[in-house]
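The values are calculated or read from the model by the stated rules, or taken from the named source; none is laboratory data. Not measured: the values here are computed from a predicted model. Virtual Cβ from ideal backbone geometry, glycine too; neighbours counted across all protein chains shown. Side chains are part of the model used for accessible areas, which takes the heavy atoms of the whole protein and leaves out ligands, DNA and RNA. Shrake-Rupley method; radii C 1.70, N 1.55, O 1.52, S 1.80 Å.
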There are 2 protein chains.
Amino acid sequence: MEVKKIFLPESELPRQWYNIAADMPTPLEPPLHPGTGQPVGPDDLAPIFPMPLIEQEVSQQQFIDIPEAVLEKYLIWRPTPMYRAFNLEKHLDTPARIYFKNEGVSPAGSHKPNTALAQAYYNKISGTKRITTETGAGQWGSALSMCCCLFGLECKVYMVKVSYQQKPYRRLMMETWGAKCTPSPSSETNAGRKILEKNPDSPGSLGIAISEAVEAAVMDEETKYSLGSVLNHVLLHQTVVGQEAQKQMAQFGDYPDVVIGCAGGGSNFAGMTFPFIRDKINGKQVEILAVEPASCPTMTRGPFAYDFGDTVQMTPLLPMHTLGHSFVPEPIHAGGLRYHGMAPLVSQLILDNLITPMAIPQLETFEAGITFARTEGFISAPETDHAVAALIREALKAKEEGKEKVLLLNWSGHGLVDMAAYEAYLSGKLKNYELPQEEIDRALSDIEPLPKPKQYRK
Amino acid sequence: MEVKKIFLPESELPRQWYNIAADMPTPLEPPLHPGTGQPVGPDDLAPIFPMPLIEQEVSQQQFIDIPEAVLEKYLIWRPTPMYRAFNLEKHLDTPARIYFKNEGVSPAGSHKPNTALAQAYYNKISGTKRITTETGAGQWGSALSMCCCLFGLECKVYMVKVSYQQKPYRRLMMETWGAKCTPSPSSETNAGRKILEKNPDSPGSLGIAISEAVEAAVMDEETKYSLGSVLNHVLLHQTVVGQEAQKQMAQFGDYPDVVIGCAGGGSNFAGMTFPFIRDKINGKQVEILAVEPASCPTMTRGPFAYDFGDTVQMTPLLPMHTLGHSFVPEPIHAGGLRYHGMAPLVSQLILDNLITPMAIPQLETFEAGITFARTEGFISAPETDHAVAALIREALKAKEEGKEKVLLLNWSGHGLVDMAAYEAYLSGKLKNYELPQEEIDRALSDIEPLPKPKQYRK
């Protein structure tokens, strides 16, 4: 029998995170203070994040040691297995060799704990008692809940009210891990109360939930805030994925021609691809595909500009691909891919032609997910299905061209807690949504007056 | 860092199933025909099962080769990892060394595909086009759906109507894997129509669903029926679990003093423990604990007698521990442990003192599950929580006695699709239920006229 999957022994768990900031051909522009327009300094961030994470956010060190206590708890689910997708290859009748890395084996079912664990640890050693965060679909909130509990921290999650009502399983996971989960807008914060005064029936939004979580952190000295994507230190922690993948590909005796990940804020994508982009900077031939929904085409149709991370304009201005902080995407069934912006690191690498962005319509993603489930067994998260769809496009292209291409997918999570999305697809209720240019223009008009980052080009 | 978990390489996947029938000190009594009371022959079963499975059902061969095609697809999730539960040990402050085998890594989230895959394969090579089955909580129905789809078979699942309505995620998993899932009672079968005539609002029961699935199989030549537990061949297929566990324990440099599994029909329990019971028969010191709910105490309070496998008395009579085929357990939140009988193999081994049964009340099982989730990260299925509760009892006993005991748990599945059960617990809605003796007596009065199996005793 041919080898189907490779587990690395625990001794092969990466001991360092890879910091791509040290290797980028174009240095990243700094975040700007929303009031002064000046670069943000560590002191500006200190009320929100513990100092070790702030240091990582601006670090230029190429490799950063993973603390022993984090390594020890990474072992709960890491190293994760890498699979050869023989059944899918056969089904597609493609000459391509398809590999996927299974990040769904973590207790929370996705890649999110890779950074949640590190963030919980650095908060713990910095004296934090409680972490606040927001969650939309619930993948991030549940991952942080689990990791806080592993390090003995309290966790408070502001969950977008409509999700809170529609996705009780995610909330229950958080509560099982001991977290407090509150529907947002809540009456616990000024931001929440202000919204509720105007509209007591507000369904909430990620922007409002961020405001509540940040406010709760700022108001209490022992409380900090945590973010599940977008920022440099978050992407940094995810690079264990790609480093493991490189060792596993080598054990399979292969090297990818194309590496594929879905990108909402950019964290699972970065985690898998940054170590391969390092190879690419050093001269390797490898294509890197970032896949987003056609209905929220941040990378493919949003300009590179300074913009706020949240709708209520509280966060620093980040240099990124953005559809505008007031952009409200269609309610598609991949909650993790509905963010108006994209991680600055990913955005800059797109600009430098090291990453190729691609947008895929919704129906094709679910069709791909069904094909994947019926061949490889695993049911993907709706977010992950975007990457699966791109993978299938590439495999069919290889077939057309008669090329033995090697394709590598980051299978970022399973969909067992998101089956309602499959119900909508299977019952024919879903449709594609191509975003009209007027909507993008309208949202972007808000950021016209904002400064544009310098654009170094290779 | 100490080793937290051991993955076996794929080359270590067991190549044979272990058939404990060959080693039992007391031979198993045969099933009896419900009409004639005579031992059931292969021809009686041929309309329902394909011949290779009937042969396995009565085989006395100690090891049975696993076909290459089954091995190949086992690799989708096997070998499964074994963990040392350092965090739980520390939390309990016990001198015991705790290990658990994670069967939740299969795409369906439980051990069930271990037999579903084998059954789908043998049906495929026997010319079956379609498999029918019943499902209560949905774990078995989803596992069979996935495995039928991997071998290109149609799958039809009769799902107890009340579960169908309350557990849409399980149904959606089945549909994602291409199966047809029908709420039972349905108007598609005589059995279903008969029930609906009397009571159009019938919530259904496992007994009714079995009748429908069997009828649908009998009525069509290309359709066979499949069962997820209880029968000898089902338990046989699960023994890959225990065989892997033995290799992994050896790699950890340990051997268990106590092996623990939950038991509803007996399949995950048998899969883990039978290879260790073989050691025990050969003189090894090892305690084998089978854990059931106090509200459905088949092994601890039910007599060993011939009884029907279903409520409507269509199946052969099986020699087993039983609460009576008319017994209706309380609606507890561990649907997989609400069967009135117990696998004949497990029942006989209890009688021979090779297995120790134990009943645990509901609240303790959820408390144990929460402790496990908050220390080891993983959220268990409510069924699995019964084994976790017994494990914690044993670990605390070891602490009291100051003994360095080695405990091994079969962690049979995750609970991410069963979070409603945790909701009931966390919100204080659950209570314990000790079954009154009158209820047992009433249900058992039905089986008084049935023949008792011969009881050889060692």
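At-a-glance table
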{"item": "Condition check for B:ALA389: at pLDDT 85 or above, outside any loop (DSSP other than H, G, I, E, B) and either surrounded by 13 or more Cβ atoms within 10 Å (Cβ to Cβ) or small (Gly, Ala, Ser) (or both)", "result": "yes"}
{"item": "Yes/no for A:ALA96 being closer than 30 Å to A:LYS399 by Cβ, away from chain B (no Cβ under 14 Å) and open to solvent by less than 10 Å² (accessible area, probe 1.4 Å)", "result": "yes"}
{"item": "Which numbered condition B:TYR433 misses (of (1) at pLDDT 95 or above; (2) over 18 Å from A:TYR169 (Cα atoms))", "result": "(1)"}
{"item": "The stretch B:110-142 - residue that is hydroxyl-bearing (Ser, Thr, Tyr) and within 22 Å of B:PRO67 (Cβ to Cβ) and, of those, surrounded by the fewest Cβ atoms within 10 Å (Cβ to Cβ)", "result": "B:SER126"}
{"item": "Every residue from the stretch B:127-141 that is within 27 Å of B:GLY261 (Cα to Cα), outside any loop (DSSP other than H, G, I, E, B) and not β-branched (Val, Ile, Thr)", "result": "B:GLU134, B:GLN139, B:TRP140, B:GLY141"}
{"item": "Close pairs (6 angstrom Cβ cut-off, 6 or more residues apart or separate chains): more than 27 Å from A:VAL218 (Cα to Cα) in the stretch A:314-337, in a loop (DSSP other than H, G, I, E, B) and aliphatic (A, V, I, L, M) anywhere", "result": "A:HIS321/A:MET342"}
{"item": "Residue within the stretch A:259-266 that is farther than 23 Å from A:GLU383 by Cα and not assigned by TED's automatic domain parsing to the domain that holds A:LEU28 present", "result": "no"}
{"item": "Test for A:HIS340: is it in contact with a Pro (Cβ under 7 Å, 6 or more places away or on another chain), modelled with pLDDT under 95 and open to solvent by 10 Å² or more (accessible area, probe 1.4 Å)", "result": "no"}
{"item": "Condition check for A:THR239: within 22 Å of A:GLU134 (Cβ to Cβ) and either in the same structural domain as A:PRO47 (by TED's automatic domain parsing) or crowded, with 24+ Cβ neighbours inside 10 Å (or both)", "result": "no"}
{"item": "Selection status of A:PRO107, on the phi < 0 side of the Ramachandran plot, facing chain B (nearest Cβ under 10 Å) and modelled with pLDDT under 95", "result": "no"}
{"item": "The listed residue being within 14 Å of another protein chain (Cβ to nearest Cβ) and in contact with a strand residue (DSSP E or B) (Cβ under 7 Å, 6 or more places away or on another chain), out of A:GLY428, A:GLY413", "result": "A:GLY413"}
{"item": "The lone exception for A:GLN313 - which of (1) at pLDDT below 95; (2) touching an Asp or Glu at 6+ places or on another chain (Cβ under 9 Å); (3) among the polar types (S, T, N, Q) it fails", "result": "(2)"}
{"item": "Candidate set from the stretch B:143-187 (those that are without any contact (Cβ under 8 Å) to a residue 24 or more places away in the chain and over 24 Å from B:GLY104 (Cα atoms)); member that is surrounded by the most Cβ atoms within 10 Å (Cβ to Cβ)", "result": "B:GLN165"}
{"item": "Strands (runs of 3 or more DSSP E) within the stretch B:265-381 that include 3 or more residues closer than 20 Å to B:THR239 by Cβ", "result": "B:287-293"}
{"item": "Pick from the stretch A:355-380, criterion more than 12 Å from chain B (Cβ to nearest Cβ) and open to solvent by less than 10 Å² (accessible area, probe 1.4 Å), ranking: nearest to B:LEU75 (Cα to Cα)", "result": "A:ALA368"}
{"item": "Check on A:ILE76, surrounded by 18 or more Cβ atoms within 10 Å (Cβ to Cβ), more than 12 Å from every other protein chain (Cβ to nearest Cβ) and at pLDDT 95 or above", "result": "no"}
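One line per residue, one yes/no per condition, for (1) acidic (Asp, Glu); (2) within 21 Å of the chain's Cα centre (by Cα); (3) assigned by TED's automatic domain parsing to the domain that holds B:THR273:
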| position | (1), (2), (3) |
| --- | --- |
| B:LEU150 | no, no, no |
| B:SER163 | no, yes, no |
| B:THR176 | no, no, no |
| B:ASP201 | yes, no, no |
| B:GLU215 | yes, no, no |
| B:GLY253 | no, no, yes |
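For (1) within 22 Å of the chain's Cα centre (by Cα); (2) more than 14 Å from chain A (Cβ to nearest Cβ), each residue gets a yes or a no:
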| site | (1), (2) |
| --- | --- |
| B:ILE20 | yes, yes |
| B:PRO27 | yes, yes |
| B:HIS33 | no, yes |
| B:GLN38 | no, yes |
| B:PRO42 | no, yes |
| B:LEU45 | yes, yes |
| B:ILE54 | yes, yes |
| B:ILE66 | yes, no |
